[in-house]
Amino acid sequence: MKKTPLLILLCMLFGLLNCSEEETKSNDFNSDELSFTTSKSNVSELSAVLGITSLENGGLSKGNTFHFSVSAGSTTINGHSINLDKTSVTVIKHRNKTYQVAATIENVGAIDLLADANKNLVSLTLDGQDVDVSQGLNPTQHLAIILASNLLNEVRINSDYKVNRGSIKAKADSYYGYTVGWGFTAEESVDHEASVRSGSSGISANGCRYLGTSTSCVTGSIGCVTISTFKCTGNSAT
């Protein structure tokens with residue numbers, strides 16, 4: 001009779017360990033959640049606008065953690081000069097469609113973004129400080145979300161979303177620059193981009209001619225992005 005409580009305890013312990021193991025496995029990346037495993041040169045239009053040419057050195061660790069590095073050139077977005085080249089990125093899957101993106105980017109800061117793709121929600125930490133994304137974001141905070149959410153989308157969104165960098169390289173290299181807006185909805189991204197554009201002194205100062213605007217809300221992506229393109233006679237950034 002004395003063995004009965006011990007057997008019950010052992011069964012309970014085994015059950016807890018089994019549940020813990022199943023929960024850990026449920027956090028692992030599935031093959032259809034990764035658009036590449038080692039490297040990728042076909043990137044989205046936004047990535048090309050951000051100067052990204054390829055993603056390299058991809059690899060999984062612990063099943064739920066994906067590391068890669070960025071190959072990129074310098075560019076100017078929303079008045080910020082950025083260069084993502086050699087940036088190391090870590091993407092961690094915490095539970096079903098909840099992901100954490102961590103990267104340190106020059107002139108932006110140490111970015112830590114937690115994104116729930118089910119609810120289209122994000123929380124942001126920038127240089128160790130929590131940012132209230134429900135309030136008005138400053139330009140650097142907005143850029144941090146644009147960069148981190150795009151890197152996550154590059155990892156997750158399948159290849160039919162991608163465009164070849166070479167197909168837009170000549171066009172991009174002859175253009176002065178871009179203004180980019182981000183939001184949880186298309187309307188929010190359009191509003192943010194319009195605000196950035198209206199506040200840019202470099203557009204008129206460099207003889208920039210507005211060419212057009214596109215808005216994208218790709219299924220499965222985090223938020224929506226609006227990009228306006230300008231061709232300019234000057235060499236400075238917006």
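The numbers here are math on the coordinates, done by the rules we state, and not lab data. Quick caveat, the model's predicted, so the values are computed rather than measured. Glycine also receives a Cβ, built like all others from the backbone with ideal geometry; neighbour counts cover every protein chain displayed.
Name the residue from Val190, Asn138, Gly51 whose Cα lies farthest towards the positive end of the charge dipole of the stretch 32-231, charges +1 on Cβ of Lys and Arg and -1 on Cβ of Asp and Glu.
Gly51
Per 0.36 nm of contour for each residue apart, how much would the distance between Thr104 and Asn27 grow if the chain were fully extended, relative to their Cα-Cα spacing?
Working it through step by step, the gained length comes to 25.3 nm.
Give the long-range amide H neighbours of Ser44: residues separated by 5 or more places, or on another chain, with amide H under 5 Å away, using H modelled in the peptide plane at 1.01 Å from N.
Residues meeting the amide H criterion: Val163.
Count the lysine pairs in the stretch 32-231 whose Cα atoms sit under 27 Å apart, keeping only pairs 8 or more residues apart in sequence or on different chains.
Taking the stretch 32-231 as the scope, the lysine pair count is 24.
Determine ³J(HN,Hα), in whole Hz, for all residues of the stretch 56-62 in sequence, where each value follows from phi through the Karplus function 6.51 cos²θ - 1.76 cosθ + 1.60 and θ = phi - 60°; x replaces Gly and Pro.
Per residue, the Karplus-derived 3J(HN,Hα) values read 10, 6, x, x, 9, 9, 6 Hz.
Any idea how far the Cα center of the stretch 27-74 sits from the one of the stretch 109-143, in Å?
20 Å
About its Cα centre, how strong a charge dipole does the stretch 32-231 have in debye, to the nearest 20, once Lys and Arg get +1 and Asp and Glu get -1 at the Cβ?
480 debye
Select from the stretch 66-143 those trypsin sites (Lys or Arg not before Pro) which occupy a DSSP coil region and have at most 12 other Cβ atoms within 10 Å, ordered by residue number.
Lys86, Lys119
Please turn the phi angles of the stretch 137-146 into ³J(HN,Hα) values with the Karplus equation 6.51 cos²θ - 1.76 cosθ + 1.60 (θ = phi - 60°), one per residue in order, whole Hz, x for glycine and proline.
8, 7, x, 5, 5, 5, 5, 4, 5, 4
Separation between the Asp85 and Glu187 pseudo-spin-labels, each 7 Å from Cα along Cα→Cβ, expressed in nm?
If labels sit at Asp85 and Glu187, their model points lie 4.3 nm apart.
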